[in-house]
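The values are calculated or read from the model by the stated rules, or taken from the named source; none is laboratory data. Note that the coordinates shown come from a computational prediction; the quantities given were computed from them, not determined experimentally. Here the Cβ positions follow ideal geometry from the backbone for every residue, glycine too, while neighbour counts run over all protein chains shown.
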Amino acid sequence: MTAPLLLAVDVGNSHTSCGLFTQERLQGHFRLRSEPRQTADELAAACQSQLALRGHTLAALDGFVLASVVPVLEHQWRACAAAHCSALRDAPLVVQHQLDCGLTLAIEQPETLGMDRLVNAAMAWQRCHTACIAVDVGTALTCDCVNAAGVFVGGVILPGPALALEALANGTARLPRVDLAAPVVSAMGKNTHESIRAGMLIGWGGMVDRLIERLSPELAPDGAAVRVLATGGMAVLLAPHSKRLDDIDPWLTLSGLAWLHQRHCRP
């Protein structure tokens with residue numbers, strides 16, 4: 001008997017990450033651009049072509065779970081699933097702040113909380129079961145804090161490195177866009193590209209360390225250790241320039257979505 005196949009969709013501001021899971025194990029993944037003007041049928045066509053490369057179809061999916069920070073795309077993905085995922089065992093699971101994620105929310109205006117942040121915090125807590133911080137390095141860089149009792153107590157939001165790099169290029173006459181994936185050979189760049197790369201990666205890595213340094217005693221006033229899990233497209237690039245990241249998991253959000261689907265839907 002073939003194991004049920006789940007599609008987890010994490011809609012970010014710049015890109016949409018999709019993961020295929022069987023029994024909470026990631027079997028494959030792909031990324032699409034987050035284009036707010038896309039129709040449900042256009043999303044289906046883009047997703048179908050990626051699934052076909054992996055031997056699957058939308059119509060054969062057993063489960064579908066979605067988290068989105070772009071409201072119009074949440075609507076379109078819902079419509080896509082309703083029109084094209086005919087074999088689903090349950091209605092598509094769409095993460096909202098009211099969903100039981102295994103956490104208590106102790107924040108103001110929880111309806112404004114980004115669903116990716118909620119999923120990251122929930123998955124970090126499930127893995128650690130101790131005070132922890134989920135750091136997501138995407139378009140925005142977020143640090144989301146869960147205390148030792150499993151209470152989501154708040155976090156930090158700031159521009160991510162790629163967004164800052166884009167602002168630097170757009171706001172200056174001669175500073176270029178650089179490839180941050182190239183290695184940083186020295187803290188002192190010998191040319192403009194090296195200088196920007198060092199500033200972005202060493203600077204942002206140090207910023208993450210400083211944030212964790214400030215957040216940890218508030219999160220664990222008794223001085224207990226705080227675990228830090230990092231995810232997001234640029235977490236791997238920042239990791240060598242940070243001393244405070246305990247674990248790097250590029251698929252933390254997708255894995256959290258798969259876990260939530262297992263928690264709320266039929267196996």
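Output the residue which, of all residues in the range 183-212 that are within 19 Å of G232 (Cβ to Cβ) and in contact with a helix residue (DSSP H, G or I) (Cβ under 8 Å, 6 or more places away or on another chain), is surrounded by the most Cβ atoms within 10 Å (Cβ to Cβ).
My answer is V208.
So which residues in the range 90-115 are in contact (Cβ under 8 Å) with a residue 40 or more places away in the chain, out of contact with any strand residue (DSSP E or B) (no Cβ under 6 Å at 6 or more places or on another chain) and surrounded by 14 or more Cβ atoms within 10 Å (Cβ to Cβ), if there are any at all?
Those that are in contact (Cβ under 8 Å) with a residue 40 or more places away in the chain, out of contact with any strand residue (DSSP E or B) (no Cβ under 6 Å at 6 or more places or on another chain) and surrounded by 14 or more Cβ atoms within 10 Å (Cβ to Cβ): L99, C101, G102, G114.
If the requirement is being out of contact with any Pro (no Cβ under 6 Å at 6 or more places or on another chain), over 30 Å from H264 (Cα atoms) and hydrophobic (A, V, I, L, M, F, W, C), which of these qualifies: I133, I212, I157? I'd like the intermediate steps shown before the answer.
Numbers: I133 fails: over 30 Å from H264 (Cα atoms); I157 fails: over 30 Å from H264 (Cα atoms).
Answer to the check: I212.
Among the residues of the range 66-89, are any touching a His at 6+ places or on another chain (Cβ under 9 Å), assigned to a loop (DSSP other than H, G, I, E, B) and either more than 29 Å from G206 (Cβ to Cβ) or touching a residue at least 12 places away in the same chain (Cβ under 8 Å) (or both)?
Checked the range 66-89: no residue is touching a His at 6+ places or on another chain (Cβ under 9 Å), assigned to a loop (DSSP other than H, G, I, E, B) and either more than 29 Å from G206 (Cβ to Cβ) or touching a residue at least 12 places away in the same chain (Cβ under 8 Å) (or both).
How about the range 145-175: which of its residues are within 20 Å of V236 (Cβ to Cβ) and in contact (Cβ under 8 Å) with a residue 60 or more places away in the chain?
Here is the first cut: in the range 145-175, the ones within 20 Å of V236 (Cβ to Cβ) are 158-166.
Hits for the range 145-175 are G160, P161, A162.
Just wondering, is there one or more residues in the range 14-27 that are in a loop (DSSP other than H, G, I, E, B), at pLDDT 95 or above, over 18 Å from D116 (Cβ atoms) and not basic (K, R)?
So far as the range 14-27 goes, no, none of its residues is in a loop (DSSP other than H, G, I, E, B), at pLDDT 95 or above, over 18 Å from D116 (Cβ atoms) and not basic (K, R).
What residue, among those in the range 121-144 that are without any contact (Cβ under 8 Å) to a residue 60 or more places away in the chain and in a strand (DSSP E or B), is farthest from D222 (Cα to Cα)?
That would be T142.
For the range 237-267, which positions are among the small types (G, A, S), surrounded by 18 or more Cβ atoms within 10 Å (Cβ to Cβ) and closer than 19 Å to L180 by Cα?
S242
Considering each residue of the range 105-133, count those that are aliphatic (A, V, I, L, M), closer than 19 Å to A8 by Cα and in contact with a Gly (Cβ under 9 Å, 6 or more places away or on another chain), and give that number.
Of the residues in the range 105-133, 6 are aliphatic (A, V, I, L, M), closer than 19 Å to A8 by Cα and in contact with a Gly (Cβ under 9 Å, 6 or more places away or on another chain).
Any chance the range 45-64 includes a residue that's buried (at least 17 other Cβ atoms within 10 Å of the Cβ), assigned to a strand (DSSP E or B) and in contact (Cβ under 8 Å) with a residue 24 or more places away in the chain?
The answer is yes; a qualifying residue exists.
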